[in-house]
Amino acid sequence: MAADDSYTAADERARAARRAGLQAKKDEQPANTARSYAAKQREWKAWCRTPRAAADGSLYSWPDGELVTPDKLAAWLKEDILLRRVAPPQKKPRARGKGKGKGKAVQLRRQLEQEQLEAAALAEAESLAEALEVPLTEAAELLADDREGYMPPTALMPAAADLAEGSLLTRGTIDAYIAAVIEL
């Protein structure tokens, strides 16, 4: 029995030392790191609580809850993090004038020029669509394939704009998610 007591005491001391080491590491972290990790750790906990569908169609939850395991971390990355995309940046128009024009006048002139180009491109696509008896969007695609610098009218581009979802998360961002979860 003495061996069991010494083993239990040694095990308890090892756990206490491990907890103290983890706490010391947390205490050394900058406040920004702790704040950044907190959001990612909340996402991890919410993901662990969310039931998921098994191959047979039934729902299941992780039996070990929020405990971090390699398999669970890999599943989280595959099902959630690696599929995320960053929203593409919204480009703001910059006023660039020719000579000493006023900002508003330059913007209005450029807007008028753009509208004229759009109208001409749309008219050309419409005439080609009628001549070839194809849909308008297909005619615009044919023109874009045929001409190197051709830009289809924006009225025909909403479908193409939806495809530009943004870029995938960078390696550094994914590493930050992993580091935050491993700390749990």
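Each value in this text was obtained by applying a stated rule to the coordinates, not by laboratory testing. Keep in mind that this is a model prediction, so the values were computed, not measured. As a convention, Cβ positions derive from the backbone with ideal geometry for all residues, glycine included, and neighbour counts pool all protein chains shown.
See the values below:
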{"read-out": "Peptide ranges 178-184, 109-115, 138-144, 74-80 listed from the most packed, as the mean C-beta count within 10 angstrom indicates", "value": "138-144, 178-184, 74-80, 109-115"}
{"read-out": "Spatially close lysines, pair count over the chain: Cα under 25 Å, gap of eight or more or interchain", "value": "16"}
{"read-out": "Ascending count of other beta-carbon atoms within 10 Å, so fewest first, for 84, 171", "value": "171, 84"}
{"read-out": "Sequence of 58, 36 once ranked by neighbouring C-beta atoms within 10 Å, starting from the fewest", "value": "58, 36"}
{"read-out": "Rounded tilt (10° steps) of 136-146 against the dominant C-alpha axis of the chain", "value": "90"}
{"read-out": "Relative compactness, the chain, computed as alpha-carbon Rg over 2.2 N^0.38 Å", "value": "1.84"}
{"read-out": "Sum of side-chain charges, residue 20 neighbourhood, beta-carbon under 14 Å (Lys, Arg +1; Asp, Glu -1)", "value": "+3"}
{"read-out": "Residue 168 long-range amide H proximity, modeled H, under 5 Å", "value": "86"}
{"read-out": "Net +/- balance of residues flanking residue 66 in space, Cβ distance below 11 Å, scoring K and R +1, D and E -1", "value": "+3"}
